[in-house]
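What follows is calculated from the coordinates using simple rules that are stated; it is not laboratory data. Source: prediction; values computed, not measured. Glycine also receives a Cβ, built like all others from the backbone with ideal geometry; neighbour counts cover every protein chain displayed.
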Amino acid sequence: MAISRLLIANRGEIALRIHRAAHEMGIETVAVHSTADADAMHVRLADHAICIGPPAARDSYLNVAAIISAAEISRADAIHPGYGFLSENAQFAEIVEAHDITWIGPKPEHIRTMGDKVAAKRTAGALGLPLVPGSDGAVDDIGEARKVAAEIGYPVLVKAASGGGGRGMKVVPSEDQLETLISQARSEAKAAFGDDTVYIEKYLGNPRHIEFQIFGDGKGNAIHLGERDCSLQRRHQKVLEEAPSPVITPAERDRMGGIVARAMADMGYRGAGTIEFLWENGEFYFIEMNTRLQVEHPVTEAITGVDLVREQIRIAEGLPLSVLQEDIVFSGHAIECRINAEDPWNFTPSPGLVESYHAAGGMHVRVDSGLYAGYRIPPYYDSMIAKLIVYGRTREGCIMRLRRALDEMVVGGVKTSIPLHQAIIRDPDFESGDYSIKWLEQWLEEKVGLAAAEHAGDSGQ
Ligand code: ADP
């Protein structure tokens, strides 16, 4: 059914991103916002805006009753959750659908399955995706844990079934530390997610993080839009992403993309999704699936020319996929820098008044951001304030253009991670594409003298 008025249950750049796609399709938008976001750009640009609560996210952007009421009051006929907040909350998706509002997202049962990492791994395995060797499901007692760990060999990684953001994860170097670290992982997971279920995986020493973008129509058809390389991470958080990956050949992309798309088709998956793998010595190992749009989706848009949000909306309307697998041509190279309001070297948040603002521009340069001069960045939410996405016909050309674009950006009055990106992209390892998920923390330690590894204690690494 055609959507005419879309409520965007999010804030910041992603709310703007969704608003833009909707308007280009002739769809009206309804912004929701906390009291702290009354002056935000996503509120200013939307056709209608409704305040849904005080600053704390649990009282506003996570407030299901307030969001559903806002949809009813504004007579919105669809809800797009963006990423984060309620985007992977199966119950919210069910409530939306129970109110006869179109949910722009996957089927609730798929959100639920993939949100439980143990169930996700089992499902992925059954669908034929290669897995990281590990326990077959949850590990309940220490005897079983010892047996599994001995079989796969140390070091092993203990992970929380409900995990996210790297929490509840512990690297276990040897058997004598297994019991202690499992109980630490359990209490961390219990505190963070209210669920102390853990499982065990082989700990890969030096992998890359490579993820495939997929789309399903919910009726048994699915396509892949290639991979993104998100190996540049700090504390398991992505910092910079690129597409294609510098290490994946076109033949490998076709092969793995084909496996992934077939798995999604078999599952009857609907909407956008990302299958995340670790990649080491030419082998892919499934780690998790995200049942939503990703922050880094624009690099895929840049190299395929497919508007992923438009595609999400079309699928929610019950339309077929707008492109067939054979229509998708991967061309050129794209890199995204996540620009955060934080100290670039010690990462302390730096909210406050943006005194001046100039976005980079020019050919093949995209800035997704709600910033403007005079905007006050609130301290209550994620520190990401802008994404700079640059395209080039070659990776080298893309890096040259990215240098120029980063040098042009001005965000005055607050500290930002722009200087960090300027330094990373001038490093010879980055230039050669030779980096793993460990690279950035090691680089920070060496180049900046920041003991990143020490601070990474919360994930046990
Ligand atoms: P979360 O949902 O908490 O983000 P993921 O399973 O997506 O957890 O893993 C996050 C990151 O942790 C990965 O990108 C990678 O850097 C690291 N990681 C996860 N599993 C492994 C593993 N088996 N070996 C080594 N590193 C891992």
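Annotations
- Gyration tensor verdict on segment 1-51 (Cα atoms; rounded if a/c is under 1.5, prolate if a/b is larger than b/c, oblate otherwise): prolate
- Number of Lys pairs (Cα under 16 Å; 8 or more positions apart or on different chains) in the chain: 18
- Reported to the nearest whole Å, the Cα centre-to-centre distance from segment 370-389 to segment 136-162 is 41.
- Amide H within-cut-off set for E288, under 5 Å, with H built and near neighbours excluded: E276
- Distance between segment 1-30 and segment 35-114 - C-alpha centres, whole angstrom: 12
- If R0 is 22 Å, the Cβ-Cβ spacing of N346 and E445 corresponds to a FRET efficiency of close to 0.95.
- Farthest toward positive dipole pole in segment 377-428 [+1 Lys/Arg, -1 Asp/Glu at C-beta], among I377, Y391, M409: Y391
- In this Cβ point-charge picture (+1 for Lys and Arg, -1 for Asp and Glu), segment 1-104 has a dipole of about 220 debye about its Cα centre.
- Taking the number of Cβ atoms within 10 Å of each Cβ as an exposure proxy, the fewest-first ranking of L388, L308, L319 is L319, L308, L388.
- Full extension of the chain segment joining Y83 with E144 gains 18.3 nm, where the gain is 0.36 nm per residue of separation less the Cα-Cα distance.
- Whether the chain is rounded, prolate or oblate, judged on the alpha carbon gyration tensor where a/c under 1.5 counts as rounded: rounded
- Amide H contacts under 5 Å for S34: I52, restricted to partners 5 or more places along the chain or on a different chain, H placed in the peptide plane at 1.01 Å from N.
- Residue order for C230, C398, C51, fewest other beta carbons within 10 angstrom first, comes to C51, C398, C230.
- Full-extension gain in nm, R376 to S183, via 0.36 nm per residue minus C-alpha separation: 65.3 nm
- Estimated inter-spin distance, M400 and E252, nm [label 7 Å along Cα→Cβ]: 2.6
- Rounded to the nearest 5, the antiparallel percentage of DSSP beta bridges internal to the chain is 80%.
- When only alpha carbons are used to place a centre, segment 337-355 and segment 224-289 end up 29 Å from one another.
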